[in-house]
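Enquirer: Sharing a structure, written as structure tokens. Questions coming.
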Amino acid sequence: MEKKFIVDIKSIILILVFSSAIGLTFNQFYSKGILLLEDNNKIGLAGDDELLNSLPADSSDNKSDSEIDLSVSGNSAEKSNSNIKLPKGINLKQAYILFKSDNTVFIDARDQWEFGDGHIKGSINIPYYKFDKNDKSLQSLDKEKTIVTYCDGDDCEMSTSLAKNLLELGFKNVFVFFDGWETWKNSGFPINKSENL
Amino acid sequence: MKEIISNKYILMLSRVILGFIFVFAGAEKIADPAGFAGSIDNYKLFPLFLVNISAITIPWIEVTAGLLLILGVTVKENAFIISSLLLIFIFLIAISLLRGLNIDCGCYGTSSPHTAGINKIIENLIMLSLGIQLIFFGSDFLKLTGSSK
């Protein structure tokens with residue numbers, strides 16, 4: 001048989017096809033297999049009960065608890081992934097409830113310039129793309145506190161990624177405020193700007 | 001120089017080393033496909049479907065090619081497959097560096113974090129050189145031959 005190339009193309013194709021077939025078959029039966037058309041790392045939403053668990057027991061804002069929209073339910077239909085602990089997402093109302101608690105720290109995942117232009121009042125800045133687990137401000141943060149990460153809004157994933165990193169570092173209660181800075185600002189909730197950077 | 005590169009013991013070493021690296025790397029990713037899918041997604045270069053399909057098939061291609069390399073079966077072809085994968089990885093890491101992304105490369109699965117940086121590119125280039133060596137010279141020393149000819 002005449003070999004035109006240095007390698008036998010047919011063998012290459014066979015290897016690729018058969019290994020892919022094995023992979024797809026394996027994925028069907030493997031308990032940690034993934035779905036082809038879904039974002040398997042999509043995180044679920046926090047139910048209000050999960051929120052209340054992370055508020056300190058002597059929270060003085062008992063009145064606002066009754067305003068909680070109980071129709072927000074947690075999504076427990078996540079494929080289990082034991083290697084990555086997943087944070088839960090929260091909406092604006094839930095974010096504000098946590099905001100009023102002393103036990104919550106908001107973390108802005110955007111870069112320092114966006115943070116300086118405007119951020120949620122009292123939040124600290126830990127830019128996701130420069131995330132360093134040995135960062136001093138990170139180490140001084142109490143791991144028992146409730147953390148809420150955020151970035152620009154719906155399109156931005158840094159808040160989710162940052163939240164996952166924090167969970168890995170041992171923070172107990174980490175939530176992702178999906179609607180982010182834009183929504184918070186437009187709602188007229190308390191913000192800060194840094195005058196000098 | 002050519003005598004060294006085409007020396008049958010050196011070739012066998014290259015083949016076995018490359019094979020084991022890829023069997024190990026592939027196995028780690030097979031164990032945690034969602035994690036590997038997440039690593040691919042971090043590069044922000046591919047649509048979801050492609051990400052998922054790659055997360056399912058690439059690890060098995062790595063393991064199969066690696067295993068066949070170790071056994072000395074169709075060495076040049078498997079070296080070609082692995083070299084192609086390495087080229088793609090180098091390219092992806094280079095793009096990410098240029099875009100300023102600070103991400104885990106996902107090279108050995110989610111349990112061992114390695115940053116997608118210059119070191120990783122150099123590592124991959126070294127492996128690529130082994131692959132190219134094997135494509136050109138093959139490796140017949142200590143391989144499966146079977147009884148049919």
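The values are calculated or read from the model by the stated rules, or taken from the named source; none is laboratory data. Only a predicted model underlies this, so the values are computations on that prediction, with no experimental measurement involved. Using ideal geometry, Cβ is built from the backbone for each residue, glycine included, and neighbour counts are taken over all protein chains shown. Please note that ligands, DNA and RNA were not included when accessible areas were found on the heavy atoms of the full protein model with its side chains. Shrake-Rupley method; radii C 1.70, N 1.55, O 1.52, S 1.80 Å.
Enquirer: Within the stretch B:67-88, can one find any residue that is closer than 27 Å to residue A:168 by Cβ and either touching a helix residue (DSSP H, G or I) at 6+ places or on another chain (Cβ under 6 Å) or away from every other protein chain (no Cβ under 13 Å) (or both)? Show your work before the answer.
Expert: Within the stretch B:67-88, the subset closer than 27 Å to residue A:168 by Cβ is none.
No; the residues of the stretch B:67-88 include none that is closer than 27 Å to residue A:168 by Cβ and either touching a helix residue (DSSP H, G or I) at 6+ places or on another chain (Cβ under 6 Å) or away from every other protein chain (no Cβ under 13 Å) (or both).
Enquirer: Given the conditions (1) part of a loop (DSSP other than H, G, I, E, B); (2) out of contact with any strand residue (DSSP E or B) (no Cβ under 8 Å at 6 or more places or on another chain); (3) modelled with pLDDT under 85, and given that residue A:72 satisfies all but one, which numbered condition is not satisfied?
Expert: (2)
Enquirer: Still on this model: Filter the stretch A:187-197 for residues that are assigned to a loop (DSSP other than H, G, I, E, B) and either touching a strand residue (DSSP E or B) at 6+ places or on another chain (Cβ under 6 Å) or not polar (S, T, N, Q) (or both) and give the result.
Expert: Across the stretch A:187-197, the qualifying residues are A:188, A:189, A:190, A:193, A:195, A:197.
Enquirer: Among the residues of the stretch B:40-55, how many are open to solvent by 10 Å² or more (accessible area, probe 1.4 Å), part of a helix (DSSP H, G or I) and in contact (Cβ under 8 Å) with a residue 24 or more places away in the chain? Lay out the reasoning, then the answer.
Expert: First, pick out the residues of the stretch B:40-55 that are open to solvent by 10 Å² or more (accessible area, probe 1.4 Å): B:40-50, B:53-54.
Now drop any that are not part of a helix (DSSP H, G or I), which leaves B:40-42, B:48-50, B:53-54.
From what's left, in contact (Cβ under 8 Å) with a residue 24 or more places away in the chain: B:40, B:42.
Matching residues across the stretch B:40-55 total 2.
Enquirer: Might you check whether a residue that is surrounded by fewer than 17 Cβ atoms within 10 Å (Cβ to Cβ) and assigned to a loop (DSSP other than H, G, I, E, B) occurs anywhere in the stretch A:11-20?
Expert: no
Enquirer: Considering only residues that are open to solvent by less than 90 Å² (accessible area, probe 1.4 Å), small (Gly, Ala, Ser) and more than 17 Å from residue B:66 (Cβ to Cβ), which ones fall in the stretch B:130-147?
Expert: B:146
Enquirer: Please pick out the residue among B:65, B:79 that is farther than 17 Å from residue B:107 by Cβ, open to solvent by less than 20 Å² (accessible area, probe 1.4 Å) and modelled with pLDDT of 95 or more.
Expert: B:79
Enquirer: Every residue in the stretch B:1-39 that is open to solvent by 30 Å² or more (accessible area, probe 1.4 Å), of a type in the set (Gly, Ala, Ser) and over 19 Å from the mean Cα position of the chain (by Cα), please.
Expert: The answer is B:6, and nothing else.
Enquirer: Which residues, taken from the stretch A:40-58, are of a type in the set (Asp, Glu), modelled with pLDDT under 80 and surrounded by 15 or more Cβ atoms within 10 Å (Cβ to Cβ)?
Expert: The answer is A:50, and nothing else.
Enquirer: Pull up the stretch A:115-143, narrow it to residues that are of a type in the set (D, E, K, R) and in contact (Cβ under 8 Å) with a residue 40 or more places away in the chain, then point me to the one that is nearest to residue A:156 (Cα to Cα).
Expert: Here is the first cut: in the stretch A:115-143, the residues of a type in the set (D, E, K, R) are A:117, A:121, A:130, A:132-133, A:135-136, A:142-143.
Imposing the further condition that a residue be in contact (Cβ under 8 Å) with a residue 40 or more places away in the chain reduces the set to A:117, A:121.
Details: A:117: 17, A:121: 20 Å.
Ranking the candidates gives A:117 first.
Enquirer: Could you check the stretch A:21-33 and list, in sequence order, the residues that are at the interface with chain B (Cβ under 8 Å from one of its Cβ atoms) and open to solvent by 60 Å² or more (accessible area, probe 1.4 Å)?
Expert: Answer for the stretch A:21-33, where residues must be at the interface with chain B (Cβ under 8 Å from one of its Cβ atoms) and open to solvent by 60 Å² or more (accessible area, probe 1.4 Å): A:22, A:24, A:26.
Enquirer: From the list B:121, B:82, exactly one residue is within 18 Å of the chain's Cα centre (by Cα) and under 24 Å from residue A:128 (Cα atoms). Which is it?
Expert: Only one candidate qualifies: B:121.
Enquirer: Restricting to the stretch A:143-195, give me the number of residues that are more than 17 Å from residue A:91 (Cβ to Cβ) and open to solvent by less than 80 Å² (accessible area, probe 1.4 Å).
Expert: Total meeting the criteria: 15.
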